[in-house]
Every structure is written in structure tokens, then in C-alpha cells.
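The values are calculated or read from the model by the stated rules, or taken from the named source; none is laboratory data. Just so it is clear, the model here is predicted, and its values are computed rather than measured. Cβ sites come from the backbone with ideal geometry, for glycine too, and all protein chains shown count toward neighbours. Side chains included, ligands, DNA and RNA excluded: accessible areas come from the protein's heavy atoms. Shrake-Rupley method; radii C 1.70, N 1.55, O 1.52, S 1.80 Å.
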Amino acid sequence: MLHAAITAVGHFLPEDRLTNADLEQMVDTNDEWIRSRTGIRERRILRDEDKATSFMATEAAREVLRKRGIGAEEIDVIIVATVTPDMFFPATACLVQAQIGATNAWGFDLSAACSGFLFALSTGARFIESGRYDKVLVIGADKMSSIVDYTDRNTCVLFGDGAGAVLLEADVAGNGILDTVLHTDGSNWDMLCMKGGGSLNPSSHETLDKRLHYLHQEGRAVFKFAVEGMAGVAGTIMERNGLSGEDVHYLIPHQANQRIIDATARRMGITMEKVTLNIERYGNTTAATIPLCLYDWEGDFRRGDNLVLAAFGGGFTWGAAYVKWAYDGSTMAVPAEQEEVLVAAE
Ligand code: ACO
């Protein structure tokens, strides 16, 4: 059976840093509270007002193409997971398609908040497995600073901007995305949402006055659902695939809160050395957290390593993926025998 493997990873992070000390000047908060309650020290902010999510997504996509040594015209499908599209329409994927010059690709955006990258990865994998497409670009990108209320200490300390991208291609050697478990439960949608600007509350002076164009989160309640959701689904994917804590080489969790990640690792029976953590440096970049971790740890992964990816986000949405990593080092060289099988299959 064909599996979809990640064959290259790219990223983009803005240069500008927003530290806990900076936030102390903006709202009633302090470094100790932020670090102990979330694990975050600083986040990256895209300050250039002319640039938005598509810019970061495009930079991440270009890095993928460079690393893999392929032209943009080889891309078949572009999926952008984001809750901060440049605009309602056209989709951010259309803007990325034009900016990278992917003249043979079609694409679309996918909205699943912090689970967006996992949902997009799973969707992209199906396109490869079907045999219909050869190269699918999956991007997680969010400019959270565009919807964060920097007068609300409950949320403004949590989020940052960034983008990560992966290329999916067929693997016949048994590596790749071997399983995914995804969930949606909209019954608590209003615990984590942005109410303004949609068809329910179209933009008006009233929606601006009510601050409806900012992200709203009931943090304490969401925290409980997040722990249960992320730890639960990580356990499910291990069980379904007969994996013990020892079998898992890395947990790549969504980076919303270090305490949620600790609880997930404990439930999976794995030590923190096996957990990719960069929340300290980037905060919660929503759809970008998991590909940014893949980017930061790519050099440590070895071909055949068992990775569990897990996320929880607004919606609520949550899920996990079991990935057998397909290459050593910072980019994949297609093994000769695989090339032959793929050519023969055509
Ligand atoms: N600085 C200082 N004090 C603060 C701050 C701050 N930045 N923020 C809140 N507080 C105060 C609160 O006002 C409260 O004070 P009170 O007891 O006097 O009312 C106290 O600290 C405790 O507040 P809690 O909200 O209970 O703090 P908690 O320990 O739950 O941490 C946090 C808050 C970090 C938001 C946590 O609840 C959390 O991580 N929730 C889950 C986030 C998540 O996973 N979201 C899903 C993904 S995001 C997405 O999909 C876009």
C-alpha cells in the first residue's frame, strides 16, 4: 500500500520578538506567572502591516521546494490550515499558489484552529494514498497577532505568529503517515472563538465596540478539555497501532501550554526527552506549532522512527497521527529502489 510520507519541512518565523517583559509593560502580568502557567518566554510577531499569513506560508513553502530541490510547477495540491487567512476569500492557498508559481496546483484552506495542521496532513495523505496526486504541500500558518486583544491578559500572553510547511509524497517502503484519529465536537464552540466578522455578526461599528473581532477563550475550561482530548487521542493512536511508550521515539504535540504537554506525555508513558518543545520561544502559533516542531527536530529524527503528533484546538477539534519518519538528516533523498517502484507503478 502507498503511504504518504513527509519528504521535506520548511518554516517561517518573523524576526521581531515579544517577550514577557514587553507584555509586563502592556497588561497586568508578570514573567513568573506566564512561565509557570504556560511555559512561554517570548513569541514572534509579524509587525509589517503589509504582510499577512500568506506571506509566512509562502516563505515556508519556498523553503520546502528549495530543500527538496523541486520546482513549484511540480506541486499538485496546496492545503493551508489557518484561522487567520489574509481575507475571507480568496483562500490563502490561492495566494500561496500564485506567489510560489505553482502553475499546476489547485488548493484550498482548512479551518480547524490548533488542530488545523493535523486535519490538513490527514486530508493531504488521502490524496497521495489514492494515487491521484504525487506532491501535496501542507502548510500550517497563522498571524495570531492580527486577532489577539493586547489589552486582555488572559489571551495576549499565549499566542505568536509563524508558519510551517511539509511536502507529502508516496512512500512504498512502509514509512509515512500510517494512521490518524480526528475528532470534532462543536457543542462548546463558544469557549474558544472569534465571533465578529462572519455571517452571524458581520463587521459593524457595534461589533467593533463589543471587541468581537478578537479571539475569545475561556482558558480554565478549555484547559480541562485540552488535557483530556490530547492525552486521550494520543493514547488511542498508540493502542490502535500496538505502540508502548518505549516504542514511541518522539511526541510532537501542539504547543498551547507546557502543562497540557506534560500531562499528555505522562499519560503516554514517555519521558520528556522524547517530547519536542519550543513553546518557550514561539508561544502558541496555532496551525504552525506542529510543523515548526518538525522543522526544529528534523535533524534528530531517523528513518523508521515512530512519531506521534497530537493536537487540540478551538471547535473543539482534536486528533493524533502516527508517522513513521521517512528519512535521516535535513532532507529526503528518494532511494533508488523506491524510484524504480514508483516509475513502474506509473
Ligand atoms: N498574568 C497574570 N495573571 C493572569 C494572567 C496573566 N497573563 N491571565 C490570567 N491571570 C489570572 C486570572 O485572572 C486568574 O485570576 P483570579 O483567580 O483572580 O480570577 C488567575 O490568573 C488564574 O486564571 P486561570 O485562567 O484559571 O489560569 P490557568 O492556570 O487556567 O491558565 C491558561 C490560563 C494559560 C489560558 C490555561 O487555562 C490554558 O492553557 N488553557 C488552554 C489553552 C488551550 O489549550 N487552548 C486550545 C488551543 S488554542 C486554539 O485553538 C486557537
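Here are some notes:
- Above-threshold pairs, the threshold being 26 Å between Cα atoms, out of 51/195; 143/210; 51/224; 135/274: 51/224; 135/274
- Trypsin sites (Lys or Arg not before Pro) restricted to region 1-51 and DSSP loop, no more than 12 other C-beta within 10 Å: 47
- In this simple spin-label model, placing a label point 7 Å from the Cα along the Cα-to-Cβ direction at both residue 239 and residue 201 gives a separation of 3.8 nm.
- Rg/Rh for region 152-295 stands at 1.02; both radii use Cα atoms, and Rh follows the Kirkwood definition.
- Among 187, 199, 146, the largest mean-square fluctuation in a Gaussian network model of the chain (Cα springs under 10 Å) belongs to 199.
- Shown in residue order for region 67-82 are the 3J(HN,Hα) couplings computed by the Karplus curve 6.51 cos²θ - 1.76 cosθ + 1.60 at θ = phi - 60°: 5, 7, x, 10, x, 4, 5, 7, 6, 8, 9, 10, 10, 10, 8, 6 Hz (x for Gly and Pro).
- Note, ³J(HN,Hα) from phi for region 243-260, Karplus 6.51, -1.76, 1.60, rounded to Hz, x at Gly and Pro: 9, 9, x, 5, 6, 7, 7, 8, 9, 10, x, 4, 9, 9, 6, 4, 5, 5
- Computed from point charges on the beta carbon alone (+1 for Lys and Arg, -1 for Asp and Glu), the dipole magnitude for region 3-174 about its Cα centre is near 380 Debye.
- Amide hydrogen neighbours beyond the local backbone of residue 162, cut-off 5 Å, H modeled: 142, 144
- Residue among 138, 83, 248 with the largest mean-square fluctuation in a Gaussian network model of the chain, springs linking Cα atoms under 10 Å: 248
- Distance between the modelled labels on residue 99 and residue 300, one decimal in nanometres: 3.0 nm (7 Å Cα→Cβ projection).
- Summarising the amide proton neighbourhood of residue 51: residues at separation of 5 or more, or on other chains, whose placed amide H is nearer than 5 Å comprise an empty set.
- Placing 252, 70 in order of accessible area, with the largest value first and a 1.4 Å probe, yields 70, 252.
- Look at the dipole of the chain built from charges on Cβ: of 99, 69, 306, the Cα furthest out on the positive end belongs to 306.
- Heavy atoms of residue 76: accessible area, 1.4 Å probe, square angstrom to 10: 40 Å²
- Value at 222 nm in deg cm²/dmol, rounded to 500, when DSSP H runs of n ≥ 4 in the chain each add -39,500 (n - 2.57): -10000 deg cm²/dmol
- Integer Hz, Karplus 6.51/-1.76/1.60 couplings in order for region 170-187, x for Gly and Pro: 5, 10, 10, 9, x, 9, x, 7, 8, 7, 9, 10, 10, 9, 9, 9, x, 5
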